[in-house]
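Peer 1: I have a structure I would like to understand better, so I am pasting it below and will then ask my questions one at a time.
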Amino acid sequence: GDFTKWTELNKFLLHKYAVCPDVLPVYKDILEIAKGPIRMLIYHGDTDVLLSSMTTLYNTRKIATQNNLTELQEATGWHFFGDFAGGRTSFTSDPSNVRLDMLTVRGAGHSVPTDLPAQAFQMINNFLFADDNKSI
């Protein structure tokens, strides 16, 4: 593919994919291009008024189904300094070279890192260092 320099409104992406109606082709492309193990994180603020958590979970399950990923377990919670910080649903492939996690962040709106930067930092740090978004 044609890799262009990232900007907030990358014109290549803007023309290749619809902005809002359906993001599923983006994930399909990523999973087709990926070589070797890949982990993906989809996160969502549970007070987002633009896109509901249930819609995000529905679409995440759709991504998982279209890519032969199975749900690991029922949704679990993750914690931030002992307080419930949100829910987590995980999917994997067999063999487990693909892992997809969908997390909600309690009390965050559409822009999680802006709304709750400390929780967002923990969530992303745990994801990068494979800590399964456990408590701190």
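Peer 1: With respect to R99, determine if the residue is surrounded by 13 or more Cβ atoms within 10 Å (Cβ to Cβ), at pLDDT 90 or above and part of a strand (DSSP E or B).
Peer 2: No.
Peer 1: Taking E74 as the residue in question, decide whether it is assigned to a loop (DSSP other than H, G, I, E, B), at pLDDT below 90 and charged (D, E, K, R).
Peer 2: The answer is yes for E74.
Peer 1: If you check I63 against the conditions, is it part of a helix (DSSP H, G or I), open to solvent by less than 40 Å² (accessible area, probe 1.4 Å) and either among the aliphatic types (A, V, I, L, M) or touching a residue at least 24 places away in the same chain (Cβ under 8 Å) (or both)?
Peer 2: Yes.
Peer 1: Could you tell me which of the residues I30, I38 is within 23 Å of A130 (Cβ to Cβ), free of Cβ contacts under 8 Å to residues at least 12 places away in the same chain and not basic (K, R)? Before you say what the answer is, go through the steps one by one.
Peer 2: Values: I38 fails: free of Cβ contacts under 8 Å to residues at least 12 places away in the same chain.
The conditions single out I30.
Peer 1: Looking only at the stretch 38-53, count every residue that is open to solvent by 80 Å² or more (accessible area, probe 1.4 Å) and at pLDDT below 85 and tell me the total.
Peer 2: Looking only at that region, the number is 2.
The values are calculated or read from the model by the stated rules, or taken from the named source; none is laboratory data. In this text, all values refer to a predicted model and were calculated from it rather than measured experimentally. All Cβ positions, even for glycine, are placed from backbone atoms using ideal geometry, and neighbour counts span all protein chains on display. To get the accessible areas, we keep the full protein, side chains included, count just its heavy atoms, and leave off ligands, DNA and RNA. Shrake-Rupley method; radii C 1.70, N 1.55, O 1.52, S 1.80 Å.
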